[in-house]
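In what follows, a single structure is set out as structure tokens and then discussed.
The values are calculated or read from the model by the stated rules, or taken from the named source; none is laboratory data. All of these numbers come straight from a predicted model, not from anything done at the bench. Here the Cβ is made from the backbone with ideal geometry for all residues, glycine too, and neighbour counts use every protein chain on show. SASA here: full protein model, heavy atoms, side chains in, ligands and nucleic acids out. Shrake-Rupley method; radii C 1.70, N 1.55, O 1.52, S 1.80 Å.
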Amino acid sequence: MSTTLSPSTLDLGVDGMTCASCVSRVEKALKKIPGVQDAIVNLATESARVVYAPSAQMDAQIRRAVRNAGYEPRAAEEAAPEELSPWAGFAPVAIGLLLSAPLVVPMLGDLLGKHWMLPAWQQFLLATPVQFILGARFYKAGWHALKALTGNMDLLVAIGTSAGWGLSVWLWLSAEADTMPHLYFEASAVVVTLVLLGKWLEARAKRQTTAAIRALHALRPEVAHVLQGSGEEADLPVAEVLLRDRLVVRPGERIPMDGLLQEGQTQVDESMLTGEPLPVSKQPGDRLTGGSINGDGRVVLQVSAVGSESVLAHIIRLVEDAQAAKAPIQRLVDQVSAVFVPVVLAIGLLTLLGWLWAGAGMETALIHAVAVLVIACPCALGLATPAAIMAGTGVAAKNGILIKDAQALELAHKVDTVAFDKTGTLTVGRPRLVAFVVSPDADEAAQLAVAASLQSGSEHPLARAVVAAAQDRGMTVAQPDGLRAVPGRGSEGEVGVRSYLIGSLRWMDELGVDLGALAPQAQRLQGEGATLALLVERVPVRAEPVEAVSGTRDETLRQAQGERYIARALMAFADEPKAGAREALAALRARGIRIVMISGDNQGAALAMGARLGLGADEVMAEVLPGDKAAAVAQLKREEAVFTSRGRGTGFAGPQAQRPSFSFKGQRTAVGSRSDKRGGHTVVMVGDGVNDAPALAAADVGMAMGTGTDVAMHAAGITLMRGDVALVAGALDISHRTVMKIRQNLFWAFAYNVAGIPLAALGFLSPVVAGAAMALSSVSVISNALLLKRWRLRRD
């Protein structure tokens, strides 16, 4: 009887990857191993996931393959060193600048008629460390590319700078004693330095992308208070918590694991899960989510999910998978250099052989061949992208747009759909008292003063909104007597000689409170998506005996407390749109961009807010939880979607949870299901909360509001440093202009090569002229990039 073993999975860290071709090289090396079924390499996290048939030595073989490919394997749990300073790794660039400056300054002096050229031996001493010490990384990466029969930017840099350096040494050593030949040491040194600068910029951006995962892991506390059988608490690492353990969570602490509430009542901040700023009341039997923040009650929960099965772990996986699913942008330089390098080498060799066959001497043939290599020097190619990115990101930062991901910058100019999270992105994110309706026989000011007094001792956001409304009217908030909080419902107390209760409509319904004349207003406000609370006065009445008929026992019931309740005031709370948000959305729509608002709110509240923002019902997605947000963004990327709702989502698990769905041209498709059609839409996701992180990573471009959480900002490629919705259009505009500059720069860089290489091969260009053409190409590229500094944010 044979047994088929299920495939094993190994997560491995890979250090030393610098570009998309590195990812391809590692994947090819891993897939060549016998027994490996699949290999996915993630450049953002510098990791690889390998699926293979179980084998005793497979782990070692995988590590050996990574090392033989030219990279350093490490355990996945070993975090790559985190650079604390934004200037970390800049030292080689700074050294290159210091050594190259004395070589460049004399060239500028020649333009002014000054002869400051250094002796050849001094140029050699300055350029050689730059070429072979600072530039060693290019030789190493280029050598591995050659072994893999591919070409990349590193190989192009190594060949071009080596040609310039080698020609300079040959001309220096072959020159007569009293002559000063034209050397090319400055060209090789400057090229190495500037390309190092571009590599440093890319490395810094890549380090920032991995911070999202670390921020998500930081939501889970390190220690849990485990309740022992004796009733004593023991502090244990979260990794040692077992299923069905009973944990104690104190007020203000983060809940360590998913579980069911067994003892106590509290308010829980679940904004990391639902995106809603209001705390959620929790009673025994309710689910608690690991990573959320406990309110002011001590509770005991029984663990229902550990490790990778928890909601927080699920969110982390969503972010990781969304980042891994992003196909790395194959840069134009890397695409062309794979063909450009061997073509240039072949042309150089043919030039050498052709001139020798024509009867020219070795020196003449070699000079013409080197002229081909010098004019093909990748200085302009190395500057084309980083120069434009530096100029574009610099001017964007001055206008409050921080572009951290060059891939996002390159994609943003193609965007045709922008999806917004609602809470905190399009809205202020703080509830306000938007309506205070009193009964016909009550005084509005007096009842507001009573409500503020009852709420003065609470930290609940709705309570703070009531107190703030009273203070805005210049009222003095008095301290109530006998104030008592009723967890999950509201509070009660005495103001003056009267007794009041203030709380949710659910509580009032339990008490049998009749809304009376306030009922129509309550229905209207609920239809508008507002959160309602009621202020009632408790009036004692004489208790009357009431005979009850019971099928199990005979007893006499009395009216509870001998009291009746009179509704005095109805309060409606709602978030407010951000100032200028409606106009900013209209401006985006005028640019031909489709707008979608995604929210975890109930449908009524989401549609009401959408209407205030000028959005139609087909532009609003309501009741979308974090997992569905990422799937919704993925669906938007595939084809134009119209959101419909099939009930309220309750979380990632639970028998009654219903997933939202989308409607496509008469068809109904569940979120997360695959569609055979591909619309090819480019989608931006704009958010600010932890729950937005998977969607930000799943979108083509993620934009995070700087007023939001660190997790959202780390997961996004673009951060809007102010909570101004108008910055979204500004980010798209500067991205478009920057990409245009990159393309223009690459065009001119290649144009010089396409025009110059044939002229050099035919002998019309000497190495001196070839070097001048190369320098001119660099100047044109930088000058064109600097035009971006004139960009200004426009709100129209």
message: If I ask for residues that are touching a residue at least 24 places away in the same chain (Cβ under 8 Å) and small (Gly, Ala, Ser), which ones from segment 118-139 would you list?
response: 120, 127, 135
- prompt: Residues of segment 742-796 being in a loop (DSSP other than H, G, I, E, B), over 30 Å from residue 584 (Cα atoms) and modelled with pLDDT of 75 or more, which ones?
  reply: 762, 763, 764, 765
query: List, please: which pairs have Cβ atoms under 6 Å, are six or more places apart or on different chains, and start with a residue in segment 245-267 that is assigned to a strand (DSSP E or B) and end with one that is buried (at least 16 other Cβ atoms within 10 Å of the Cβ) and of a type in the set (Lys, Arg)?
result: 261/282; 266/282
message: Which count do you get for residues in segment 23-62 that are part of a helix (DSSP H, G or I), closer than 12 Å to residue 11 by Cβ and among the acidic types (Asp, Glu)?
response: 1
statement: Flagged in segment 392-415 as at pLDDT below 75 and among the small types (Gly, Ala, Ser), in numbering order, are 394, 397, 400, 406, 408
message: Anything in segment 425-459 that is assigned to a helix (DSSP H, G or I) and open to solvent by 10 Å² or more (accessible area, probe 1.4 Å)? List them, or say none.
response: 444, 445, 446, 447, 449, 450, 455
message: Criterion first (surrounded by 22 or more Cβ atoms within 10 Å (Cβ to Cβ), within 23 Å of residue 592 (Cβ to Cβ) and at pLDDT 80 or above) does residue 739 satisfy it?
response: no
- prompt: Condition test on residue 69, is it on the phi < 0 side of the Ramachandran plot, modelled with pLDDT under 85 and touching a Leu at 6+ places or on another chain (Cβ under 7 Å)?
  reply: no
- request: State all residues of segment 154-205 that are modelled with pLDDT of 75 or more, among the polar types (S, T, N, Q) and over 30 Å from residue 88 (Cα atoms); if no residue qualifies, say none.
  value: 168, 174
- prompt: Which residues, taken from segment 216-244, are assigned to a loop (DSSP other than H, G, I, E, B), open to solvent by 70 Å² or more (accessible area, probe 1.4 Å) and under 16 Å from residue 304 (Cα atoms)?
  reply: 242, 243, 244
